[in-house]
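One structure is given below, encoded as structure tokens.
The values are calculated or read from the model by the stated rules, or taken from the named source; none is laboratory data. The shown structure was predicted, so the numbers you read here are calculated from the model rather than taken from an experiment. Here the Cβ positions follow ideal geometry from the backbone for every residue, glycine too, while neighbour counts run over all protein chains shown. We work out accessible area using only protein heavy atoms, side chains counted, and drop any ligands, DNA or RNA first. Shrake-Rupley method; radii C 1.70, N 1.55, O 1.52, S 1.80 Å.
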Amino acid sequence: MMGIRALLIAVLVALLVLVFLGQLWSRRHYPPGPLFLPMIGSMGALGIKLHENTFIKIAKKYGNICCLWLGHQPVIFVSGLQAVKEVLINHKEEFSDRPLSNFGKAVGRGRGIILSNGHTWKQQRRFALVTLRKLGLGNKGMEYQIQEEVQQLVETFARAKGQPLDPCFPITNAVSNVICAVTFGHRFSVKDEKFQKLVEAIYLTMKFPGSISYLLYEMFPWISKHLPGPQKRALTAFQFVLSFAREEIEKHKEQQSFHEPQDFIDFYVLQMEKSKNDPNSTYDEENLAQCIHDFFITGTETTSTSLKWALLFLTNRPDIQDKVYKEIADVFGSSRSICYEDRKELPYTNTVIHEMMRSKYILLYGAPRQCTKDVKVNGYLIPKGAFIFPDLRSVLSDPKVWKTPEVFNPNHFLDKDGNFVDREEFLPFGAGVRVCLAEQLARIEIFIFLTSLLRAFRFQLPEGVEKLSPEPVIGFTFQPHPFKICAVPRCCSL
């Protein structure tokens with residue numbers, strides 16, 4: 001009896017070994033990567049905590065196209081300018097989908113813009129782009145709303161009278177209110193408790209995908225969804241944003257304001273009415289709520305985080321701050337509001353903004369894609385269904401294209417005559433068919449907010465503080481550690 005049991009165990013082990021070896025053989029044309037282990041895949045190579053350069057280090061070891069395994073799911077990390085361009089631009093159709101990951105299915109449900117695919121994605125994205133233009137994106141219309149929030153932010157900073165203040169909360173409120181104005185047609189008071197919960201929910205939603213808990217949820221969702229922890233908080237936060245959106249949608253429907261549309265909800269509800277007899281229409285309230293969620297995710301957290309890093313950096317580098325202020329003062333003084341078109345007359349200011357976004361890229365990785373069919377890239381087989389993670393951080397710090405990638409260097413965006421030069425290697429918003437929907441809005445906001453603040457204040461370190469920490473708090477977005485600065489009014493500006 002014991003002999004039969006031992007034989008059965010030996011046969012089972014042999015079969016498992018054969019299956020494992022068979023898997024390795026079938027994947028021999030895949031990109032190289034860490035050793036695959038049953039159940040857990042190869043995510044152990046990431047360590048127990050993600051770091052700023054985690055994926056860059058993996059690329060140095062395995063190459064610019066490498067394969068990790070999330071359980072039995074292949075995850076292809078793509079690093080460096082040439083490899084990222086090959087995937088996102090040269091093979092844009094094959095890598096146009098969003099991954100149908102466990103977390104993605106839980107929060108996206110195939111709706112909206114960010115996490116949808118196929119006909120739904122094309123229709124929702126096209127409508128959003130057209131409607132944003134109708135609402136003033138690309139002309140002075142939307143800039144007026146941004147300038148209104150800038151003025152509110154300047155007044156908030158001015159009330160501190162040069163004493164130490166935490167700029168993060170007011171900045172996030174101001175940027176969020178731009179999205180509120182576009183989407184809902186009105187802004188919220190910073191004292192509105194529900195609005196503050198919305199801002200907090202957006203932060204929690206963006207923090208989770210950069211954690212080890214996220215990887216565990218993707219590998220073991222049947223366990224993770226029943227346990228307390230970051231995944232529960234992230235899912236609850238997501239539902240709060242959707243609930244907030246649905247309440248605003250109901251208010252618009254009750255007011256019947258869509259007959260003379262003034263905001264995104266109005267235009268969308270009007271489109272729902274026009275398309276109610278179209279069997280191919282994806283315009284419905286659930287997609288609308290998801291689109292609103294997507295606007296807040298792409299238009300609040302990333303922009304506000306970039307502005308926080310900019311103020312931290314310029315406070316640490318008063319020499320650069322003063323040079324930017326001098327250029328602004330020499331060109332415009334304090335006579336009128338600054339608009340986005342003015343960047344052409346502020347080459348040094350424009351290059352400082354671009355170099356800050358390059359040297360302090362705020363995302364852990366670019367938004368993931370999914371391979372729609374088997375395709376060969378640089379000699380490797382990328383299988384249908386594989387998740388693709390473009391490491392945009394590696395592009396923005398690629399030593400092959402940036403002279404001094406590890407340090408802040410405005411000359412990266414200046415020609416020999418001191419003129420601003422836009423560069424194809426500058427890809428903080430991604431590339432290809434899934435390039436960030438809010439790219440233009442983010443560029444406008446960052447420019448107008450930052451130039452307006454620098455014209456109004458000189459930002460200084462609080463007494464006794466030698467330097468603000470440049471080290472990030474790791475999440476899907478890289479947040480600065482809490483900090484305080486002194487916004488000292490420039491007498492000619494206030």
Round to the nearest 0.05 the FRET efficiency obtained for residue 341 and residue 35 when R0 = 35 Å and r is the Cβ-Cβ distance. 0.05
Just to verify a number: what accessible area does residue 359 come out at with the full protein assembly present, 1.4 Å probe, Å² rounded to tens? 50 Å²
What FRET efficiency would be calculated for the residue pair residue 274, residue 223, taking the C-beta separation as r and a Förster radius of 35 Å, to the nearest 0.05? 0.15
Considering only DSSP beta bridges where both residues belong to the chain, give the percentage that are antiparallel (nearest 5). 85 percent
Under a 5 Å amide H to amide H cut-off, with H placed in plane at 1.01 Å, what residues pair with residue 377 once short-range neighbours are removed? 382
Please list the three semi-axes, largest first and in whole Å, of the ellipsoid equivalent to segment 329-479, using sqrt of 5 times the eigenvalues of its alpha carbon gyration tensor. 34, 19, 16
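Rg to Rh for the chain: what is it, with Cα atoms only and Rh by Kirkwood? Provide the component values of the computation, followed by the final result.
On the way: Rg = 24.5 Å, Rh = 24.4 Å.
Dividing the radius of gyration by the Kirkwood radius yields 1.00.
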For segment 447-494, what number results from the quotient of the Cα radius of gyration and 2.2 N^0.38 Å? 1.41
Place +1 on the Cβ of every Lys and Arg and -1 on the Cβ of every Asp and Glu in the chain, take the dipole about the Cα centre, and give the residue among 347, 469, 127 whose Cα lies farthest towards its positive end. 469
Taking only Cα atoms of segment 327-391, radius of gyration then Dmax in Å: 20.8, 59
Counting only residues 5 or more apart in sequence or on a different chain, those whose built amide H sits under 5 Å from that of residue 137 are 142
Rounded to the nearest 10 Å², what accessible area does residue 317 have for a 1.4 Å probe in the complete protein model? 90 Å²
Taking the Cα centre of the chain as origin, sum charge times position over the Cβ atoms of Lys and Arg (+1) and Asp and Glu (-1), and report the length of that vector in debye to the nearest 20. 1300 debye
Please work out how much accessible surface residue 57 shows to a 1.4 Å probe, ignoring ligands, DNA and RNA, in Å² rounded to 10. 140 Å²
